[in-house]
Amino acid sequence: MSGPSKVIVLDPDPQAGRQIQLGLSREGVPTHIPVVPSEPSQLADLASEVPGLVLIGGVDGQAVELVRRARELLGPDVPIVSTARGAARADLEAAGADEVVARPSYLRDLVTLCRILRGVPAGKRDHLVGSLVETTGVYTLVRALSSLGRSAVLTLIRGLRRGEVRFYRGEVTSAEVGLIHGQAALHQLLLWTDARFDFAHEDIVRRQQIPLTPDELFADAERFLQGVREHAGPLSPATVLEQDTQRILFLGKQVPTEVHGVLRMFDGHRVLADILEDSPYRVFETLRVAQKAVEVGLLKAVDAQRPKATWRAVLAIDEWLVGETREAVVERTSEIDSGPVSTTAKRKGKGKSRKRSKAATPPAGIRAEIDWGALVPRNIGAEVGPLSGVVPAQAAAGEVTIATRDRQREKLEALMDTDKRDRIFPTEIGLEPKVVIADDAAPTAKVVVSSEGETSSGKKKKQKKTGKSGPVSKVTPLPGALDEAAARAKAEADASEQRAKEIAEQNAREAEAEAREAQVKAREAQAQAKEAAALAEQIAREA
């Protein structure tokens with residue numbers, strides 16, 4: 001769009017027309033409200049206005065006649081959006097309406113649709129393009145496009161990143177960004193603040209990757225944005241952070257490896273929304289790491305602000321998404337005074353540089369307050385200590401060597417005796433008891449637990465009896481003892497399996513009861529919301 005163009009609001013209800021005019025005026029769009037005659041055929045003063053878009057309200061057949069008369073006066077070049085109540089979509093489209101917005105609808109959504117559609121030629125209204133900077137955020141954009149009731153695909157492109165949201169008759173059925181799909185992908189797209197979008201009408205298959213109604217979906221999206229805003233603290237998705245290498249070197253020993261992996265992603269070029277998308281951890285875990293790292297000085301903000309529109313009216317959630325304060329909204333056109341800039345001449349002395357870095361170091365008491373291990377999930381066994389993650393070689397050498405056919409082998413393949421292989425490669429590593437019979441005059445059964453299936457005392461007795469220094473390679477088990485041990489083990493396993501099955505069934509019943517209770521509460525809340533909306537509409541009509 002080259003610039004703002006006038007929007008004409010035709011609504012027999014003066015109060016509704018005035019509300020739409022105020023909403024468009026906040027966005028800097030000039031609006032005109034002509035007098036709507038009692039008979040739509042008497043409407044004759046629209047041809048001289050040359051509007052960029054006409055927004056037509058009304059009820060039932062009156063709205064259809066207003067749309068038909070406006071299309072006759074303006075021709076096919078002016079987009080017409082209908083917000084009629086009680087009229088069928090097919091009748092309005094046949095009368096000449098380009099888009100039909102179902103009631104009730106949000107005023108913010110109507111304003112967003114007017115900004116996108118105004119001035120668009122007739123042949124391009126089924127393929128709309130625009131920018132988030134010039135229109136609104138992803139949350140409001142998706143909600144506004146959903147109110148059109150179209151089957152279409154919304155494509156968002158930001159640099160090399162691409163996201164997609166699919167609509168089936170106004171219902172959001174699937175979302176995709178990178179390797180993420182479904183509702184998680186939509187959550188990630190909600191944090192985008194600067195992207196080009198493409199909304200194309202298409203006949204799509206209803207995938208239902210997101211099995212939620214529009215009301216449930218947008219309520220969940222609003223809760224997600226509010227939760228991210230609370231966890232982010234002073235940060236916003238448009239914030240660009242970089243590492244403070246001096247601070248990381250000073251506090252590096254206290255930071256776990258998992259947290260270091262997150263900190264390395266802050267390179268001073270990507271915004272926080274990109275970090276949240278690329279992080280191997282969940283959104284809120286990565287946010288907690290970033291917030292704590294900023295508090296202790298491991299991360300610092302980069303002084304690089306993206307340009308913002310001078311006419312745009314920003315809501316509270318939009319201010320946070322783009323990292324903008326209310327004062328910045330008022331003084332958006334004024335020049336930003338960044339204060340004195342330190343020159344490189346002040347950093348010539350090494351002593352001064354050391355003093356500054358030392359003065360910026362917080363006391364030791366502050367560092368001990370952050371439990372880094374509680375911010376992200378830790379790997380099991382990562383803190384074992386003396387154990388190494390690399391299997392040691394048989395012989396220490398200065399470099400890695402590769403075995404060849406000429407090299408002497410360990411000759412383990414010649415050990416054909418089963419008992420010898422079991423002792424060298426034990427299959428039971430202390431997990432199950434094993435019955436071993438000693439070489440005494442009166443054989444007795446002993447239950448021992450060992451990595452080789454034998455106790456050290458049993459070995460000593462065998463060595464003394466046979467006169468050999470090596471381990472005894474042949475044992476004679478008692479059939480009765482083996483059967484008794486196997487029966488006991490089987491009985492214990494059956495009892496454990498039965499207990500686990502009972503616990504699982506009880507948990508399933510409790511979860512099902514909680515789910516039913518949650519559904520009842522959700523239906524009650526939805527009914528209360530509808531009653532409140534009806535009461536508000538009745539009060540507005542009476543006023």
By residue number, the members of the stretch 196-211 that are part of a loop (DSSP other than H, G, I, E, B) and surrounded by fewer than 19 Cβ atoms within 10 Å (Cβ to Cβ) are GLU202, ASP203, ILE204, VAL205, ARG206, ARG207, GLN208, GLN209, PRO211
Within the stretch 17-34, of all residues that are part of a loop (DSSP other than H, G, I, E, B) and not acidic (Asp, Glu), the one farthest from ALA70 (Cα to Cα) is GLY28
Within the stretch 212-224, identify whether any single residue is outside any helix (DSSP H, G or I) and buried (at least 16 other Cβ atoms within 10 Å of the Cβ), and answer yes or no.
yes
> On the given criteria, is GLY123 in a helix (DSSP H, G or I), at pLDDT below 90 and farther than 29 Å from ALA221 by Cβ?
Replying inline: yes
| request: Kindly check whether there is at least one residue in the stretch 74-92 that is polar (S, T, N, Q), modelled with pLDDT of 85 or more and within 26 Å of LYS124 (Cβ to Cβ). | output: yes
In the stretch 170-190, residues that are out of contact with any strand residue (DSSP E or B) (no Cβ under 9 Å at 6 or more places or on another chain) and either modelled with pLDDT of 90 or more or surrounded by 22 or more Cβ atoms within 10 Å (Cβ to Cβ) (or both) total 2
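For every residue, the table says whether it meets (1) among the β-branched types (Val, Ile, Thr); (2) in contact with a Leu (Cβ under 9 Å, 6 or more places away or on another chain); (3) assigned to a helix (DSSP H, G or I).
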residue	(1), (2), (3)
VAL36	yes, yes, no
LEU66	no, yes, yes
ARG69	no, yes, yes
ALA87	no, no, no
ALA90	no, no, yes
ILE116	yes, yes, yes
GLY119	no, yes, no
Output for Cβ contacts, cut-off 9 Å, separation at least six or different chains, first residue within 21 Å of GLN19 (Cα to Cα) in the stretch 33-58, second modelled with pLDDT under 75 and among the small types (Gly, Ala, Ser), reads PRO37/ALA44
query: Do we find a residue being touching a helix residue (DSSP H, G or I) at 6+ places or on another chain (Cβ under 6 Å) and of a type outside the set (A, V, I, L, M, F, W, C) anywhere in the stretch 217-224?
result: no
Note on the stretch 279-304: residues assigned to a loop (DSSP other than H, G, I, E, B) and under 22 Å from PHE224 (Cα atoms) are SER279, PRO280, TYR281, ARG282
GLY137 vs (1) under 21 Å from ARG89 (Cα atoms); (2) assigned by TED's automatic domain parsing to the domain that holds GLN208: all pass except (1)
Of the residues in the stretch 69-111, those that are buried (at least 21 other Cβ atoms within 10 Å of the Cβ), charged (D, E, K, R) and over 41 Å from the mean Cα position of the chain (by Cα) number 1
Checking VAL228, VAL240, VAL271 in turn, the sole residue that is modelled with pLDDT of 85 or more and assigned by TED's automatic domain parsing to the domain that holds ARG162 turns out to be VAL228
Exception for TYR281 within (1) surrounded by 19 or more Cβ atoms within 10 Å (Cβ to Cβ); (2) of a type outside the set (Asp, Glu); (3) over 15 Å from ASP303 (Cα atoms) falls at (1)
Scanning the stretch 95-111 residue by residue, the ones that are under 16 Å from ARG150 (Cα atoms) and assigned to a helix (DSSP H, G or I) total 2
Of ASP220, ASP198, the only residue that is out of contact with any Ser or Thr (no Cβ under 7 Å at 6 or more places or on another chain) and of a type in the set (Asp, Glu) is ASP220
Flagged in the stretch 227-237 as in contact (Cβ under 8 Å) with a residue 24 or more places away in the chain and surrounded by fewer than 20 Cβ atoms within 10 Å (Cβ to Cβ), in numbering order, are GLY227, ARG229, HIS231, GLY233, PRO234
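The values are calculated or read from the model by the stated rules, or taken from the named source; none is laboratory data. In this text the structure is predicted, and so the values were computed from the model without any measurement. Please note: Cβ atoms are built from the backbone with ideal geometry, for glycine as well, and neighbour counts cover all protein chains shown.
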